[in-house]
1. Within the range 70-110, work out how many residues are of a type in the set (D, E, K, R) and either outside the structural domain of E234 (by the TED database) or assigned to a loop (DSSP other than H, G, I, E, B) (or both).
2. Consider the range 115-137. How many of its residues are of a type in the set (G, A, S) and within 30 Å of T24 (Cβ to Cβ)?
3. Can you confirm whether the range 131-154 contains a residue that is closer than 28 Å to A91 by Cβ and among the charged types (D, E, K, R)?
4. Considering only residues that are in a helix (DSSP H, G or I) and out of contact with any Phe, Trp or Tyr (no Cβ under 6 Å at 6 or more places or on another chain), which ones fall in the range 306-338?
5. For the structure I just gave you, tell me whether A67 is closer than 20 Å to E234 by Cα, assigned by the TED database to the domain that holds D237 and at pLDDT 95 or above.
6. Tell me, which residue of the range 216-235 that is away from the ligand (no atom under 16 Å from the Cβ) and touching a Leu at 6+ places or on another chain (Cβ under 9 Å) is farthest from R108 (Cα to Cα)?
7. Taking the range 120-141 on its own, how many of its residues are in a strand (DSSP E or B) and away from the ligand (no atom under 14 Å from the Cβ)?
8. Mind checking which residues of the range 200-252 are touching a residue at least 24 places away in the same chain (Cβ under 8 Å), among the polar types (S, T, N, Q) and closer than 30 Å to K131 by Cα?
Amino acid sequence: MKKSVFLGALTVAGMAAGVAAAGTMDDVKARGKLNCGVTTGLVGFAAPDSNGEWKGFDVALCRAVAAAVLGDGNAVEFVPTTGKTRFTALASGEDDMLARNTTWTFSRDVDLKFEFVGVNYYDGQGFMVPKSLGVSSAKELDGATVCIQTGTTTELNLADFFRANNISYEPVPIETNAEAQQQYLAGACDVYTTDASGLAATRATFENPGDHVLLPEIISKEPLGPLVRHGDHEWGDVVRWTLNALVSAEEMGITSANIDEMSAGTNNPEINRILGSEGTLGEMLGLDAEWAKRAIKVGGNYGEVFAQNIGESTPIGLARGLNAQWTDGGLLYSPPFR
Ligand SMILES: N[C@@H](CCC(=O)N[C@@H](CS)C(=O)NCC(=O)O)C(=O)O
């Protein structure tokens, strides 16, 4: 405990001085737990279930990294963070990584000094209104009160969109999605705006989801992905290639059902390199040969994780859309395992 607080302080000092901060992997191994920054609760992406067990699309990535590094998908301390607190939690060393509906932007990379290791969900900002408002386009929202989460890209895009369309709005600032939901349902704001995936996830928990509509406008690009601190490339590589392993597994047909059989060896050399029966990729990462096998086994490949947590057969009901594999016309494209 003492050690991690000390290293946390060092990390901040290191960052302030622009010095590379290394050693996250050793920290995680010594602690025996991954500290993964997630939301305060967004069902489908990251939220505790009725048994207090964290579940969701982002949670699955935390568990995959823990399985790769520590051999146990349950060796995760989930650290709830708000839109505002997430970056200090990561910069200070309280978190080893963030998997929290976080958009990859220039300033978060270059100015805040974080490294986005990839995209796990291509999204965009949308608007939800009660059907009873009788509005069919975001351009009709002149003068509306809008619930908006602070510390987010949502805030900035909203201002841009209204200004570009020469209309005005009154922001109702809120800190968490739970608060937004409560305020919106209580009528404290006419509109809730956030990532379209977040709107779908929020609406799915309403008593009468059909009373609310998502407007057709998507006003921004929100590439959501996991991030780590600048400067610790070894750790960044581990998180990046864990995500890539889940994506590649789907592309190559490795599933939680066939992974044991496939890991004994197949006639596809890339599958063998991922699953560790050929080559030394694990060793290059500072891990063992079965790191990716364990990561994929926890929640399945990217497609299985998507389907189980947010896909069309869940109440959230998201289509793969841009998040389909490149071979199916989507944007998911893992670099090769070679
Ligand atoms: N992607 C945007 C918005 C992220 C965001 O905070 N989204 C909300 C609504 S989808 C959320 O995850 N809330 C969960 C919480 O309140 O803990 C960003 O990175 O700034």
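The values are calculated or read from the model by the stated rules, or taken from the named source; none is laboratory data. Predicted model, so just to flag it, every value in this text is computed and none were measured. Neighbour counts are summed over all protein chains in view; Cβ atoms, including those assigned to glycine, are modelled from backbone coordinates with ideal geometry.
1. Our first condition is that a residue be of a type in the set (D, E, K, R); within the range 70-110, this holds for 72, 77, 84, 86, 94-96, 100, 108-109.
Next cut, either outside the structural domain of E234 (by the TED database) or assigned to a loop (DSSP other than H, G, I, E, B) (or both) only: 72, 84, 94-96, 100.
The qualifying residues number 6.
2. Step one: of the range 115-137, the residues of a type in the set (G, A, S) are 118, 124, 126, 132, 134, 136-137.
Checking which are within 30 Å of T24 (Cβ to Cβ) leaves us with 118.
Residues meeting the conditions: 1.
3. Checked the range 131-154: no residue is closer than 28 Å to A91 by Cβ and among the charged types (D, E, K, R).
4. F306, A307, Q308, G321, T327, D328
5. Against the criterion (closer than 20 Å to E234 by Cα, assigned by the TED database to the domain that holds D237 and at pLDDT 95 or above), A67 qualifies.
6. Selected residue: E234.
7. Here is the first cut: in the range 120-141, the ones in a strand (DSSP E or B) are 121-123, 125-130.
This time we only want the ones that are away from the ligand (no atom under 14 Å from the Cβ), so: 129-130.
Total satisfying the criteria: 2.
8. T202, T205, S220
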